[in-house]
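Values quoted throughout were computed directly from the atomic coordinates according to the rules given, and no laboratory measurement underlies them. Please read all numbers here as calculations on a predicted model, not as lab measurements. Glycine also receives a Cβ, built like all others from the backbone with ideal geometry; neighbour counts cover every protein chain displayed.
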Amino acid sequence: AVPGEWNLFAQWHNDDGWTKFGQTTAELSNVDWMVSNQNGVSRIRLRIMGGSSSAPTTIRVDGPRLRTDHWYDFRARTVWSPDPSRGRVQWWLDGKRLYSRHVATLYTRPDGSVSSVYFILDHYRRHAETTTTIFLDGAR
């Protein structure tokens, strides 16, 4: 349904503080939602990253197959912490809870500082050259 390997559309993106430590890889957004296309099947997916910025923990939660011409009701609750026993992510889609666990939701940097996040709605995608339209409404 959606071209490309992945199509991010909502994310709690991390700050750029990692750049001052000379890390060879960038920290990716801490919590994001995407449409992931694998073997021709497009699914809504949640990705959570946090913990040590030099060796982060990544959790992927597959949601349902993408339905086109459907308004989805996303609900999320996040407790921000680099400590996996304190951080938490909960995700509901169309009233059904799909995920609820304690997990690291921020990065701890080499100097002990902790990353921060900001929310963005966007359309960030890979290997897609066609035009795609996404309608986003009522984010708060």
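How large is the Kirkwood hydrodynamic radius of the chain, counting all unique pairs of alpha carbons, in Å? The answer is 15.8 Å. Summing Cβ point charges (Lys, Arg +1; Asp, Glu -1) relative to the Cα centre of the chain gives a dipole of roughly 520 debye. The packing ranking, built from the mean of other Cβ atoms within 10 Å per residue, places the peptides 94-105, 57-68, 78-89 in the order 78-89, 94-105, 57-68, highest first.
Take the Cβ-Cβ distance between Q38 and H123 as r, set R0 to 25 Å, and report the resulting FRET efficiency rounded to the nearest 0.05. It comes out at approximately 0.85. Legend: calculated FRET efficiency, Q90 to T130, from the Cβ-Cβ distance at R0 = 35 Å, rounded to 0.05, equals 0.55.
Spacing of the modelled spin labels on S54 and T68, each 7 Å from Cα toward Cβ, amounts to 4.7 nm.
When M34, M49 are sorted by how many other C-beta atoms sit within 10 angstrom of their C-beta, beginning with the fewest, the order is M49, M34.
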